[in-house]
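The values are calculated or read from the model by the stated rules, or taken from the named source; none is laboratory data. None of these values were measured; they are calculated from a predicted model. Here the Cβ is made from the backbone with ideal geometry for all residues, glycine too, and neighbour counts use every protein chain on show. To get the accessible areas, we keep the full protein, side chains included, count just its heavy atoms, and leave off ligands, DNA and RNA. Shrake-Rupley method; radii C 1.70, N 1.55, O 1.52, S 1.80 Å.
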Amino acid sequence: MAGLLVSSCSPSADQAPEDPAPAGETADPALNLAQVAAEPAMAAAPDAVVETLSAEEAASLAASEEDPSAAPAPPVTPDFDFEDVRRKAEILSSRPFQTPPGIPKAAGGLDYDAYRRIQLRQDAALWQDSSDKFRILPDTRGYLFNQAIRLNLVEEGKEVARPYSPDDFNFYDLPLDDEAKQLLGFAGFRVVTPLNVAGKWDELISFRGASFFRALGAGNLYGASARGISIGTASPEGEQFPYFREFWLMKPAPGNDTIRIYALLDGESITGAYDITVTPGVETKMQVTATLFPRKRLTTMGISPLTSMYFFSPHDISKFPNDFRPAVHDSEGLSIQMYNGEWVWRPLFNPKALQVSVLADRPPLGFGLVQRKRGFDDYADIEAGYHHRPTVWVQPRTGWGEGELTLVEIPTANEYNDNIVAYWKPKTAWQPGTAYTVSYDMKWSLLTSSVPDVVTVANTFAGVKPASTQQLFVVDYDQIPEALLEGVEANVSTSAGKILNPVIKTNPETGKVRLSFELEAQNAEVAELRALLTKGGKPITETWLYRWRKE
């Protein structure tokens, strides 16, 4: 599992510049899991995956770049569409997985700052003369991005390969010889659009590293990421990272506000075809349909995995010392709308040991990693801008079936590592020779993407009761209408130990309602806490969940 703990987008994040050409200037200056090629040991031992290409591998890569249509299947429809990608994935699944060629050692040895200096030349941005809404900025391999991808453009139903050329990039004085530059290939791409200001091209979505992608709503900075699929997250066998090996970018008609992207997934245990549409806005919306083909029996797959960073905040039992900031995280909680409509709020943690939580056994109506606090003073970090990190919301559509909504929290010693994963784990094993189709919607925004019909949790505070060993918990709710307060009851429970002194008060300074209570842990090492306010037996607040561990 340690391999999952790779770099996050913290501590700072840039918006894309007006000029879409310089790749180095539009990239996030700190690292994100979505940027990493996602081999299990990459963060700890980059030398393990930085290889010098053999003559055979170099020839193979060069051939694949010269002829991207050397994909696993010929077209099956007159106009190129998703069925063609699906067929490629199906045929690919019947063949043994081939480890993709490595990259020249000099390119793999670049540090992050050096890699960022590789800049796309202005005239190499795609669609700049033919699209009024979108432009495409390819990215080279290098640093940790060692997997080559193929890019194709689809115009009027026709597939046209977009081969890599080193002439499209400015390498400045980087220590790369001509042969290394020629063999780099593409690592991914970014889509830019006038997201915030008319006439200014801002990043909308980025695909780079394994099957990771991340998107922005208006006013956002990069934060949480998503993946096409997860395999083996938090499992004893270790995690696999299938990767998007080929993309098809469907050129939108003039005036069309939506871009459509097809992607071909390949991995040791699975292949897949993805149909992704993206509509930018204050709330950037995505629709995802994927058909997946296991190469072998799978029991630890995750549908629509979300990843993020949580370092510390006031709701931790043990406060983080020696940091001037009150909180550091890309996401502060997991929000869930259960299948029965119940709303749940689960604060995130940076645990001392890996912990896995199962929070639902039926597909929820929606779930997401949420950045709820939006004030600068909540983080006091000018560089990172954590108050601008997006909330990412997932709404399942078809193909999810029975399973478990799983939350994985991984210890991290700093804010540079993505250590949170949330996903739906199917109950029934996936079998080779069978196609599995799933679909879901996603929203990326500063706003709350799905508004609960109950009062939400505003703050959680935790500590030790003065002159006592009992744990003290304080839950502040947003404004509760006065008519609801009469006769309101606190429902607080624990899986271990004993709950003491639940008290409901109205804060005279803010008008918000506060629930406080104590936990007498007794001999418990772990306690699952649950709290909500009800009136007449009906909930008027979110259900608050909290995992307490003995420090």
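Listed values, structure above:
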quantity	calculated
Any hit, the range 404-411, residues being in a loop (DSSP other than H, G, I, E, B), modelled with pLDDT of 95 or more and more than 21 Å from residue 284 (Cβ to Cβ)	yes
Members of the range 289-340 that are open to solvent by 10 Å² or more (accessible area, probe 1.4 Å), closer than 15 Å to residue 409 by Cβ and of a type in the set (A, V, I, L, M)	317
Filter pass, residue 541 being hydroxyl-bearing (Ser, Thr, Tyr), within 21 Å of residue 332 (Cβ to Cβ), open to solvent by 30 Å² or more (accessible area, probe 1.4 Å) and out of contact with any Pro (no Cβ under 8 Å at 6 or more places or on another chain)	no
Pair list, Cβ under 6 Å, 6 or more apart: the range 215-240 residue touching a residue at least 12 places away in the same chain (Cβ under 8 Å) and of a type in the set (Lys, Arg), other residue open to solvent by less than 20 Å² (accessible area, probe 1.4 Å) and in a strand (DSSP E or B)	227/212; 227/305
Residue among 206, 211 that alone is of a type outside the set (D, E, K, R), out of contact with any Phe, Trp or Tyr (no Cβ under 6 Å at 6 or more places or on another chain) and closer than 27 Å to residue 104 by Cβ	206
Residues that are over 22 Å from residue 527 (Cα atoms) and open to solvent by 30 Å² or more (accessible area, probe 1.4 Å), drawn from the range 471-487	478, 479, 481, 482, 483, 484, 485, 486, 487
Residues that are more than 29 Å from residue 202 (Cβ to Cβ), under 27 Å from the mean Cα position of the chain (by Cα) and open to solvent by 90 Å² or more (accessible area, probe 1.4 Å), drawn from the range 88-130	98, 99
Those residues of the range 212-226 which are under 18 Å from residue 383 (Cα atoms) and open to solvent by 10 Å² or more (accessible area, probe 1.4 Å), in sequence order	219, 221
Of all residues in the range 410-437 being more than 14 Å from the chain's Cα centre (by Cα) and closer than 30 Å to residue 323 by Cα, the one that is surrounded by the most Cβ atoms within 10 Å (Cβ to Cβ)	415
Residue in the range 131-147 that is part of a loop (DSSP other than H, G, I, E, B), touching a Lys or Arg at 6+ places or on another chain (Cβ under 7 Å) and surrounded by fewer than 21 Cβ atoms within 10 Å (Cβ to Cβ) present	yes
In the range 183-204, the residues that are open to solvent by less than 10 Å² (accessible area, probe 1.4 Å), of a type in the set (A, V, I, L, M) and closer than 21 Å to residue 117 by Cβ	184, 187, 192
Selection count, the range 511-538, where residues are open to solvent by 70 Å² or more (accessible area, probe 1.4 Å), farther than 29 Å from residue 352 by Cβ and assigned to a loop (DSSP other than H, G, I, E, B)	1
Restricting the range 157-182 to residues that are over 18 Å from residue 104 (Cα atoms) and touching a residue at least 24 places away in the same chain (Cβ under 8 Å), the residue that is surrounded by the fewest Cβ atoms within 10 Å (Cβ to Cβ)	158
Index of the failed condition, residue 357 passing every other in (1) modelled with pLDDT of 95 or more; (2) surrounded by fewer than 16 Cβ atoms within 10 Å (Cβ to Cβ)	(2)
Pairs, first farther than 15 Å from residue 533 by Cα and among the hydrophobic types (A, V, I, L, M, F, W, C) in the range 466-494, second assigned to a strand (DSSP E or B) and open to solvent by 50 Å² or more (accessible area, probe 1.4 Å), C-beta under 7 Å, six or more apart	472/464
Flag if residue 494 is buried (at least 18 other Cβ atoms within 10 Å of the Cβ) and in contact with a Lys or Arg (Cβ under 6 Å, 6 or more places away or on another chain)	no
Filter result for residue 208 (open to solvent by 10 Å² or more (accessible area, probe 1.4 Å) and not aliphatic (A, V, I, L, M))	yes
Which numbered condition residue 440 fails, given (1) crowded, with 18+ Cβ neighbours inside 10 Å; (2) more than 23 Å from residue 86 (Cβ to Cβ)	(2)
Neighbours by Cβ (under 6 Å, 6+ apart or cross-chain): first from the range 190-214, in contact (Cβ under 8 Å) with a residue 40 or more places away in the chain and farther than 15 Å from residue 389 by Cα; second in a loop (DSSP other than H, G, I, E, B) and aromatic (Phe, Trp, Tyr)	191/134; 192/201; 193/134; 210/241
Selected residue (criterion: nearest to the chain's Cα centre (by Cα)) from residues of the range 227-263 that are among the small types (Gly, Ala, Ser) and open to solvent by less than 10 Å² (accessible area, probe 1.4 Å)	228
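Every residue, every condition in (1) without any contact (Cβ under 8 Å) to a residue 12 or more places away in the chain; (2) assigned to a loop (DSSP other than H, G, I, E, B); (3) under 27 Å from residue 527 (Cβ atoms), yes or no:
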position	(1), (2), (3)
321	yes, yes, yes
334	no, no, yes
352	no, yes, yes
374	no, yes, no
380	no, yes, no
387	no, no, no
392	no, no, no
